[in-house]
Amino acid sequence: MEAAKINEEQEFIFKSKLPPIYIPTHLPFHKYCFENISKLKDKPCFINGATGDVYSYAEVELTATKVAAGLNRIGIRQGNVIMLLLQNSPEFAFAFLGAPMIGAITTTANPLYTPAEIAKQAASSKAKMIITQAAFVEKVKPFAEANDPHVKIMTIDGPTLPGCLHFSELLFTTAADDENDVIPGGFKIDPEDDVVALPYSSGTTGLPKGVMLTHNSLVSTVAQLNDGDNPNLYLHDKDKFEITRMMELAEKYKVTITPFVPPVLLAIAKNPEIDSYDLSSVRMVICSAAPMGQELEDAVRGKLPNAVLGQVI
């Protein structure tokens, strides 16, 4: 009986074969991202593959800080939720990095969702603002109008639309705004308990549910990828995924770490043109959202022999 009790209480700990890494659990997510800014300020941080625009680490930090101050100026406060209904774009990154500077939370949604799906997530997350592209405004207008004046719509492109704000308003101020154009003090972020991101599950076994990710969660995730090389983040801003264009940009910018989903990896494995590109710089492939299976894994290894494959489920 006593032996059985001991077996029930026994713990099984599986440790990685890799050496332990340092995770600064005392830092909020945004401070961790920029803690080495003095060493890297002039190096490329974001590369927008669609336009060729390159943003240095210093430019990204400054822009994110401006976004934070701008969000505060228009009434976003600690604990408020912002929905990013965007494709890959610099504005997505600036908003995602800027929001936590004032203690706000970001929820992300696919612009191709139906209006009903967007409204359900916006209502569930209690979003105070939806940042999107002009082409998707009509999808979110009914929800915003039904919750006026508590929900704002902001676009990142084109001219300012009626009833909407524009992303540029976060970055530029007038003299009259100067005294309010600062990141507020007086609030404290608890990295262990405070939520920084609120993505929604795919709903495979039921309706999509919000996943509350704390500052510690994201810091731990980034720390596992940050092995000292500080890879550039390449943004491919396209309406439709084009594997040939992706490979061209990966070769051009010497991409080192590639987060993919299984359908993209399948396209890589089956595309005969991949051998025409120099992808030797790719040293890590991260597959997430679903397992890729042994057959697909072997095929990807054959196409990218220099890369270590990792799966995040």
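How many residues are under 16 Å from Ala116 (Cα atoms) and of a type in the set (Asp, Glu) when one looks only at the range 138-174?
Adding up the residues that qualify gives 2.
Which count do you get for residues in the range 65-100 that are over 22 Å from Lys139 (Cβ atoms), surrounded by fewer than 22 Cβ atoms within 10 Å (Cβ to Cβ) and in contact with a His (Cβ under 7 Å, 6 or more places away or on another chain)?
Summing the residues that are over 22 Å from Lys139 (Cβ atoms), surrounded by fewer than 22 Cβ atoms within 10 Å (Cβ to Cβ) and in contact with a His (Cβ under 7 Å, 6 or more places away or on another chain) in the range 65-100 gives 1.
Just to check your reading of the model, which residue among Arg283, Arg245 is buried (at least 16 other Cβ atoms within 10 Å of the Cβ) and over 19 Å from the mean Cα position of the chain (by Cα)?
Within the list Arg283, Arg245, the selection yields Arg283.
Please verify whether the range 213-234 includes one or more residues that are assigned to a helix (DSSP H, G or I), at pLDDT 90 or above, more than 22 Å from Gln87 (Cα to Cα) and in contact with a Ser or Thr (Cβ under 6 Å, 6 or more places away or on another chain).
The answer is yes, given that some residue of the range 213-234 is assigned to a helix (DSSP H, G or I), at pLDDT 90 or above, more than 22 Å from Gln87 (Cα to Cα) and in contact with a Ser or Thr (Cβ under 6 Å, 6 or more places away or on another chain).
Just one of Lys17, Lys41, Lys66 is without any contact (Cβ under 8 Å) to a residue 40 or more places away in the chain and in the same structural domain as Pro191 (by TED's automatic domain parsing); which is it?
Exactly one residue qualifies, and that residue is Lys41.
Is it true that some residue in the range 106-127 is in the same structural domain as Ser202 (by TED's automatic domain parsing), surrounded by fewer than 17 Cβ atoms within 10 Å (Cβ to Cβ) and in contact with a Gly (Cβ under 9 Å, 6 or more places away or on another chain)?
yes
Looking at Phe167, Phe172, Phe143, which one is among the aromatic types (Phe, Trp, Tyr), closer than 30 Å to Phe34 by Cβ and surrounded by 17 or more Cβ atoms within 10 Å (Cβ to Cβ)?
Phe167
Mind checking which residues of the range 251-262 are part of a helix (DSSP H, G or I) and modelled with pLDDT under 90?
Listed by number, the list holds a single entry, Pro262.
Enumerate the pairs (first residue in the range 26-38 and loosely packed, with under 15 Cβ neighbours inside 10 Å; second residue anywhere and in a loop (DSSP other than H, G, I, E, B)) with beta-carbon separation below 8 Å, excluding pairs fewer than 6 apart on the same chain, so at least 6 apart or on different chains.
His26/Pro191; Glu35/Pro24; Glu35/Leu27; Asn36/Asn230
Among the residues of the range 39-52 satisfying the criterion of being over 17 Å from Thr256 (Cβ atoms) and touching a helix residue (DSSP H, G or I) at 6+ places or on another chain (Cβ under 7 Å), which is surrounded by the most Cβ atoms within 10 Å (Cβ to Cβ)?
Once the filter is applied, the top-ranked residue is Asn48.
The values are calculated or read from the model by the stated rules, or taken from the named source; none is laboratory data. If you're wondering where the values come from, they're calculated on a predicted model, not measured in any experiment. Cβ atoms come from the backbone with ideal geometry, glycine included; neighbour counts cover every protein chain shown.
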